Amino acid sequence: MNNPIASFPLSLKQCRVITEIMKKGTEKDASVSLNLSQSSVSRALSQAEQALQMSVFTRGWSGAEPTAKGEVVISSCNSLLQAIADTERHLQENTTALLKLRAYVEWRHLVTIETVVRVGSASLAAQTLGMTQPAVSKTLKEIENMVQQPLFSRARHGLIPNTAAKQLASLWLRISPIAQSLQQTLQSLPNELTGRLSVGMLSFSCQDIVPIAFAAIFKKHSGIRLQAMQGPYHMLANALRQGEIDCFLGLMRKGPIHPELIELPLLDIQYALIARADHPVHDYAKTLNDLTNERWIVARHGTPIRDYFESLFYSIDNKPPIQALEMLTFASSEELVIHSDAIALLFYDDWNIKQLNPRLKQIPICLPNPECTLGITLHREHQSTLIQMFIEELQLSINNKLTSKKNSPA
C-alpha cells in the first residue's frame, strides 16, 4: 500500500479556507465566499493549525492577520491553488460548461488520476494506492464531473489518457512537492525573533519617530511583521484591550484611562499656533483675542488638543469657533495651512518646531500652560519582547533628535 498524500500536512480544502480568510479578513466572510458554513471554515482552520502545530492567523485591527509562519503557509497555499486555477483555465478551453476544479478538487483526486495515467488501468492503480477498484472508478468519475470532459478512452488492455487526464496528472507532479515540503520549510525557518508588532497612532502624533523605529526593527529582524494604523482614542484603546494591536502612541490623557491600560511618557512637547508664513496674522496678532475671528484647523472632538483649543477661548471669555475644520493627520493639517488662510493648533517638540516647513510660521503668542507629553499606551498585562524593543527604538530615536538639536549650531 502506497499513500503519497499521508505526509501532506494540509488538505486542499484547508488551503482554500486559509487563503480566503486572508483575502476576506474574517472567517464569516470567508465562509460566504466559499459557500461553506462558518463552523466548517472554523473547523478546517483549526484542523490545519493542529496539523502544523502553529497559529496561521492572529486577531488584528482589520480582522484575521497572518503570523510570521502563517505568511509561509499562505504563500504555499497560494502557489498550490494558483497552479490548480491555471490548469482549470486550460481545461476550460475544451468546454463551455462551468468547471469546478478549483472549488472541489482534493489530493485524492489528483493522486488517483496521476496513478491511472502512469500505470494504465484502474485495477493496477487500485493496487498501487491500496484502494478498491470501485473506489478508483468513483474518484475518476468525481473529477470528470469537475472538468466536464472525458479523462480516458478505453482500450483492450487498459485506459488511454486524454489531454485532460494528462494535464491533471502533470498538475499533481508540479504541486505535490510543494505540499510535501511545507512542514520542512516551516521547521527550517531561521531561529530569529518573529511575530507581529501592531502599533496604533492617535491623530496628530508620532509621524516622525514611528517610521524610524520601524525601520530599525525591520533592519535587525526581517521576520517581524510590522503594522501601523491610525484611529481615534476609543477605537485604539478598545483594540488594545482586545489584543488587536499591541500599543498606541499619542498625547497622554490628563484624565483617568481604562484600568487595563497604562501610559509611558516618551517626549515633552508644546502646543503651538501655526499659520502660513505670509499670513497677515503675524503682523497684527498679539493676544488670543486677536484670533477670535480667524478660521481654525484643529483635531476632532474628544482629543486632548481639541480640549485645549476650547479651553483657550474659554480663558478669554469667548466661545470656541463652531466652524473649525477638523483634520485627522498632522501632515494634512500643515498642508491645509499652507494653502489657506486658516490657523492651526498643533504640537511640536523643540526639534520639530525648529525644522518647521519654511512655508509655515509660528504665531508668537504666549499660550497658557502649553506643555503636554507624547506617550505610549500599553496593556497592563500583555507586553512582549517586541513591544519592549519598539519602546527602546522610540527612545533611541528621540535621544538622537535631542542630541542633534543640542549639537546643532545656534
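Read the figures in this text as sums done on the coordinates, not as results from a lab. Computed from a prediction, not measured in an experiment: that's the story for all the values here. With ideal geometry, Cβ positions are generated from the backbone for all residues, glycine too; neighbour counts draw on all protein chains shown.
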* Asked: Gain in length, Y284 to I365, computed as 0.36 nm per residue apart minus the alpha-carbon separation, to one decimal in nm?
  -> 28.1 nm
* Asked: Which entry is the computed Rg/Rh (Cα atoms, Kirkwood Rh) for this structure: [x] 0.96; [y] 1.10; [z] 1.18?
  -> [z]
* To do: Could you please report the charge total around W107, scoring K, R as +1 and D, E as -1 over all other residues with beta-carbon less than 15 angstrom from its beta-carbon?
  => +2
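If a helix is a whole DSSP H run, which ones in the chain reach 27 Å or further along their own axis (Cα) and hold a mean Kyte-Doolittle hydropathy of at least -1.0?
Values: long enough: 68-92 (36 Å, 0.02); 163-187 (38 Å, 0.12); 385-407 (33 Å, -0.25).
The qualifying helices are 68-92, 163-187, 385-407.
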* Structure fact -> Out of I84, I305, I257, a Gaussian network model of the chain with alpha-carbon springs under 10 Å gives the largest mean-square fluctuation to I257
* Structure fact -> For K23, the aspartates and glutamates lying under 15 Å Cα to Cα, once residues fewer than eight places off in the same chain are dropped, come out as E65, E71
* Structure fact -> With +1 on the Cβ of every Lys and Arg and -1 on the Cβ of every Asp and Glu, the dipole magnitude of region 10-166 about its Cα centre, in debye rounded to the nearest 20, is 360
* Asked: If you count the DSSP beta bridges with both ends in region 234-363, what percent of them are antiparallel, to the nearest 5?
  -> 65
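Work out the length of the dipole vector of the chain about its Cα centre, built from +1 on the beta-carbon of each Lys and Arg and -1 on the beta-carbon of each Asp and Glu, and round it to the nearest 20 debye. Walk me through the numbers on the way to the answer.
Details: 39 positive and 37 negative charges, 362 e Å.
Result for the chain is approximately 1740 debye, rounded to the nearest 20.
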* Structure fact -> Lys and Arg at +1, Asp and Glu at -1: neighbours of A239 with Cβ under 15 Å from its Cβ sum to -1
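From the helices alone, meaning DSSP H stretches of at least four residues, give me the mean residue ellipticity at 222 nm for the chain, per-run term -39500 (n - 2.57), in deg cm²/dmol to the nearest 500.
Values: 16 runs with 200 residues, N = 410.
Dividing the helical sum by the residues of the chain leaves -15500 deg cm²/dmol.
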* **Pairwise centroid distance, computed over Cα atoms, of region 326-387 with region 203-269, Å** => 15
* To do: Among F248, H282, F309, flag the residue with its Cα farthest along the positive direction of the charge dipole of region 203-407, charges on Cβ as +1 for Lys/Arg and -1 for Asp/Glu.
  => F248
* Ordering of 105-114, 354-363 by burial proxy (mean other Cβ atoms within 10 Å per residue, highest first) -> 105-114, 354-363
* Where a Cα-Cα gap under 20 Å defines reach, which lysines qualify for K138, not counting those fewer than 8 residues away within the same chain? -> K13, K100, K166
* Quick one: Cα centre-to-centre distance for region 103-122 and region 160-174, in angstrom? -> 8
* Starting from the Cα of K166, step 7 Å along the direction of its Cβ; do the same at N238; then give the gap between the two resulting points in nm. => 6.0
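Only bridges whose two residues both fall in the chain count here: according to DSSP, what percent of them are antiparallel, nearest 5?
Working: 30 of 44 bridges.
Antiparallel bridges make up about 70 percent of those DSSP assigns within the chain.
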* **Listed residue (A237, I257, Q92) projecting farthest to the positive dipole end of the chain, Cβ model** => Q92
